[in-house]
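*Asks:* Before we start, here is the structure in question, set down as structure tokens.
The values are calculated or read from the model by the stated rules, or taken from the named source; none is laboratory data. For clarity, every value in this text was computed on a predicted model and none was experimentally measured. Please note: Cβ atoms are built from the backbone with ideal geometry, for glycine as well, and neighbour counts cover all protein chains shown. The protein model used for the area step is the full one, side chains on, heavy atoms only, and it has no ligands, DNA or RNA in it. Shrake-Rupley method; radii C 1.70, N 1.55, O 1.52, S 1.80 Å.
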Amino acid sequence: TLGTQTDYRDGEAQTDPYSPEYVVPSGSVPELLTLATLTWGRGLPAGLDEVEMIERAREKRAWEATLPAMDSASQIAKRRKMMDEMERKEWAFREQEIEKLQEVRLRVLKKLLQRREEKQNELDAKRLDDHWQNHQKAKKEKIKKIQHDFVLMLRKLIAKRKNVMGKLERRDIIKEYTDFASQTYAPLSRIGYFPDNHSERYVVKSFYLNTFAGLCELEAALPDSVTQVEIKAPKPKYTTTKTGFIKRSARLEVELALVHQALLEKKNKVEEPKKPLRFLEKIEKPVPRPPTPILEKPSVKEEETELAVICLQKLLRGRAIQNMMFEEKEKRIELIQELRTTHALQEDGQLLLKAEEQMTRALQQQRDLQMHELSSMENHLAQEEGRALANMFDFLSKELVRLQEERKIHAFVMLAERQRRMREAEESGRRQVEERQRQEEDEIFRQAREGDCTIDSYLEDVILSSMENTAEEQAREEIQRMAVEINDIAYEMESCRTRLQSEEIVAELVYAFLIPEIEKISIREKVRQSQRKHMYAAHQIIHRSTE
């Protein structure tokens, strides 16, 4: 009788939809109870597949209702034929479902392979781009170095070409100071001078700019006109119209008035008479500047003389070094001759070394050929082994697929056999119930007619028969429910099979196929060894007899 308002939706607090309890009247089987195996998340809410399953179940119930009774041999044969046709239809439908499932898996696999290929292509393109970027960077650095070396060598060639004759030039200080592009004003950093060094010495450091007290003192020294600005509204020089525009005629009148005023001032200007000098003023002459020093330019003859002296000094130094080398050679002439004789005696040894070197090279070439042949042989053997292993693994994979399909078919056969037995049990149970009811009715009619039974016995018999019928129906429903659960568990195990289980199956196949084959080969080898002994003995006997 009370209601509450919460801040949460019903969908956030509810887990599974509520299914109320129900009571089924005896003798009735509602169609809704056939869907009791469907739960929330496993078939509910119903989709297209569930609707198709419900329609198939309805068609199957309608088909079961049309089955003929088992009262004669012809009816039994007709019933068996109809059941065989329905079983074939069910197998065909199951095969279609398996094909659909395989197609879905194939599409998913194709998508995964395509996605992996696209990802690999992206990685390859990225790797190529990185490689190309690295090459471009190395190329730029190499070009930069080549350009730097080119500029350096060009600068050196220009400097050498300026003084081809090797003349000595004196420093012209006046020319350097008159040329603002010379080393005096703009020195080059490659010579060793860096103009940016010690730049802090040129920074202006003032007490009035770097400290607060200095700024206050500087502000107090300024006049009021600097700190307190007065703004005066400008007065219009020209007359304007009502709309605020100046007419052309008014502008011309103002200009003519200004020109007229200037002409009048120039015309009426009176020249002021020159005032006589009251005092004589002495004009002091400036101090004469000292004479500019002049550097005497050396004559051409003196420069040629100096260059000749330098050349003579070089010749004398070179001759002195040459004489010194000849003297040292004369002192050690015996040692030089001894070394020459030892080298002459070693010619035979050098010939032997050359022969050994040729032999070593020949052996090395032979060994390289042998290694090449061995590597080619190993490659062929590896190729053959790979082919054999590939064939073996292909055979094993096909056997694994065949075994899986065989197990699935076996499982389907067992399920079909179990359903057939259940149906036969249901039919036999129904037939027994009908016969029992007929017997009970006959017995009741006979007892009622004879008058040997009472109402209590009659009610007791009715209650016992109803209890037996109810127990049988409950047992049948329990068996059907357990069969459906076993089917679900089997499908779930098939879909949730792990890699370890697959490896176990592969191991069983290997154990079933490879190990027996290896045992056969070993047994054949043992038989061949035993036969070889007998053959050897037979050959010995034959050779002795022939000798």
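*Asks:* Could you grab the pairs with beta carbons closer than 9 Å, sequence gap of 6+ or different chains, first residue in region 388-408 and more than 18 Å from Arg499 (Cα to Cα) and of a type in the set (A, V, I, L, M), second one surrounded by 10 or more Cβ atoms within 10 Å (Cβ to Cβ) and at pLDDT below 85?
*Replies:* Met392/Phe513; Met392/Leu514
*Asks:* Another question, then. Could you tell me whether any residue of region 105-120 is touching a helix residue (DSSP H, G or I) at 6+ places or on another chain (Cβ under 7 Å), free of Cβ contacts under 8 Å to residues at least 60 places away in the same chain and not small (Gly, Ala, Ser)? Don't jump to the end; show me each part of the working.
*Replies:* So in region 105-120, the residues touching a helix residue (DSSP H, G or I) at 6+ places or on another chain (Cβ under 7 Å) come out as none.
Checking region 105-120: not a single residue is touching a helix residue (DSSP H, G or I) at 6+ places or on another chain (Cβ under 7 Å), free of Cβ contacts under 8 Å to residues at least 60 places away in the same chain and not small (Gly, Ala, Ser).
*Asks:* Out of (1) among the aromatic types (Phe, Trp, Tyr); (2) over 30 Å from Ala416 (Cβ atoms); (3) touching a helix residue (DSSP H, G or I) at 6+ places or on another chain (Cβ under 9 Å), what's the single condition that is false for Trp132?
*Replies:* Every condition holds for Trp132 apart from (3).
*Asks:* Name the pairs whose Cβ atoms lie under 9 Å apart, with the first residue in region 203-229 and surrounded by 10 or more Cβ atoms within 10 Å (Cβ to Cβ), the second part of a loop (DSSP other than H, G, I, E, B) and modelled with pLDDT under 85, and 6 or more positions between them or separate chains?
*Replies:* As it stands, the answer is Gly214/Ser206, since those pairs meet every condition given.
*Asks:* Looking at this structure, is Gly27 of a type in the set (Gly, Ala, Ser) and open to solvent by 70 Å² or more (accessible area, probe 1.4 Å)? Spell out how you get there, then give the answer.
*Replies:* Details: of a type in the set (Gly, Ala, Ser): yes; open to solvent by 70 Å² or more (accessible area, probe 1.4 Å): yes.
Taking the combined requirement at face value, the residue satisfies it.
*Asks:* One residue is enough: does region 168-180 have a residue meeting the conditions in contact (Cβ under 8 Å) with a residue 24 or more places away in the chain and either part of a loop (DSSP other than H, G, I, E, B) or over 30 Å from Val300 (Cα atoms) (or both)?
*Replies:* Yes, region 168-180 has at least one match.
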